[in-house]
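Quick notes on the structure that follows.
The values are calculated or read from the model by the stated rules, or taken from the named source; none is laboratory data. In this text the structure is predicted, and so the values were computed from the model without any measurement. Glycine also receives a Cβ, built like all others from the backbone with ideal geometry; neighbour counts cover every protein chain displayed. Calculation scope for accessible area: heavy atoms of the full protein, side chains included, ligands and nucleic acids excluded. Shrake-Rupley method; radii C 1.70, N 1.55, O 1.52, S 1.80 Å.
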Amino acid sequence: MRDSRGPRAIALNVGANSNLPGVRGPIYPDGRFEYLPIPERQPTSEAVPTYADLDAHLSFEIPERFHDLPVHLDPAFAEYPFCSSYTYGDEHGVKAGPLSRLEPGDVLYFYATLDRHGDGETAADWVVPDWGAYLIGEFRVDRVVTGEAYESLGPEARERFATNAHVRRDPFDAKVLVAGDDDSTLYDRAVPLSEPTGGTDANELVTDLSNDSGRGPWWRRRLWFDADATDLLRAHVESHHMDR
């Protein structure tokens, strides 16, 4: 039975990392950051932006060796370059199952590993030296559509997902698509999931509030939060941003 106490949440690792494409997005001393998507590795039905295209819109220089690579704009945030709405798609069944059970009012959080840039002497005490894992944005879930259901949607309903990377793939491969409402956002400042002692050290948002899949490094795993933990996490995120 659906828990009536409030929304639930899932947090997913996204964004460029030391493997794909070989560089992380930056976080600056005051906690501002840049979201950098991973490369697009599948054929697409139309041309998609490259890292060179993004380079003109971001606050740091993407290494030139990556400029010609197309980007996988997923999640898509309405305020991010080349995006028009809040959508996320996933082709992996292990994540699609839990995502497909999200309902309006639930929260889909996104986190990324980020490298510290700038003067460490002036950095906020929660900005991790070297690299760390941080929440970078959230969707307030508005609609969830399975890949099968998407295929039967009419043109108007499909338009909402038009800029999603999985919709642009040829063939379309999403097992689930999630749309966020207008309260969704790409954060202005990141929210740490790592302790200041190092990126591999999880803080209490992970150790005390989340349950996870238990496979591989925690900073690559799907984290999920029950209704009570979701309330606490949302309060922490709001307090973190109010204190800046």
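Looking only at region 111-134, residues that are part of a strand (DSSP E or B) and crowded, with 23+ Cβ neighbours inside 10 Å come to 7 in all. Pairing each residue of region 65-89 that is without any contact (Cβ under 8 Å) to a residue 12 or more places away in the chain with any residue that is assigned to a strand (DSSP E or B), provided the two are 6+ apart or on different chains, yields C-beta distances under 9 Å for Arg65/Pro21.
Leu108 fulfils the conditions (1) of a type in the set (A, V, I, L, M); (2) surrounded by fewer than 19 Cβ atoms within 10 Å (Cβ to Cβ); (3) modelled with pLDDT of 95 or more; (4) not in a loop (DSSP other than H, G, I, E, B) except for a single criterion, (2). Can you tell which of Arg169, Arg160 is under 30 Å from Pro70 (Cβ atoms), open to solvent by less than 60 Å² (accessible area, probe 1.4 Å) and touching a residue at least 24 places away in the same chain (Cβ under 8 Å)? Just a single option satisfies the conditions, and that option is Arg169. When region 54-99 is filtered for residues that are of a type in the set (Asp, Glu) and either exposed (fewer than 15 other Cβ atoms within 10 Å of the Cβ) or under 24 Å from Leu12 (Cα atoms) (or both), the ones remaining, listed by number, are Glu61, Glu64, Asp68, Asp74, Glu79, Asp90, Glu91.
Only a single item in (1) open to solvent by 70 Å² or more (accessible area, probe 1.4 Å); (2) under 16 Å from Val141 (Cβ atoms) is not met by Asp188, and it is number (2).
Conditions tested, residue by residue: (1) crowded, with 22+ Cβ neighbours inside 10 Å; (2) among the hydrophobic types (A, V, I, L, M, F, W, C).
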{"site": "Asn164", "(1), (2)": "yes, no"}
{"site": "Ser184", "(1), (2)": "yes, no"}
{"site": "Ser194", "(1), (2)": "yes, no"}
{"site": "Thr200", "(1), (2)": "no, no"}
{"site": "Asn203", "(1), (2)": "no, no"}
{"site": "Arg221", "(1), (2)": "no, no"}
{"site": "Ala227", "(1), (2)": "no, yes"}
{"site": "Leu233", "(1), (2)": "yes, yes"}
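Number of residues in region 145-157 that are touching a residue at least 24 places away in the same chain (Cβ under 8 Å) and either surrounded by fewer than 20 Cβ atoms within 10 Å (Cβ to Cβ) or among the aromatic types (Phe, Trp, Tyr) (or both) equals 3. With of a type outside the set (A, V, I, L, M, F, W, C), at pLDDT below 95 and closer than 22 Å to Thr230 by Cβ as the only criterion, which of Ser59, Ser4 stands out? Among Ser59, Ser4, only Ser4 is of a type outside the set (A, V, I, L, M, F, W, C), at pLDDT below 95 and closer than 22 Å to Thr230 by Cβ.
Taking region 42-53 as the search range and keeping residues that are out of contact with any Pro (no Cβ under 6 Å at 6 or more places or on another chain) and part of a loop (DSSP other than H, G, I, E, B), which one is surrounded by the fewest Cβ atoms within 10 Å (Cβ to Cβ)? Working first, answer last.
Restricting attention to region 42-53, the residues satisfying the condition of being out of contact with any Pro (no Cβ under 6 Å at 6 or more places or on another chain) are 42-47, 49, 51-53.
Of the ones still in play, those that are also part of a loop (DSSP other than H, G, I, E, B) are 42-43, 45-47, 49.
Details: Gln42: 14, Pro43: 9, Ser45: 11, Glu46: 6, Ala47: 9, Pro49: 16.
Here the residue is Glu46.
Given the structure, is Thr113 more than 30 Å from Pro29 (Cβ to Cβ) and of a type outside the set (Phe, Trp, Tyr)? No, not satisfied.
Out of region 21-44, which residues are in contact with a Lys or Arg (Cβ under 6 Å, 6 or more places away or on another chain) and not aliphatic (A, V, I, L, M)?
Hits for region 21-44 are Gly31, Arg32, Gln42, Thr44.
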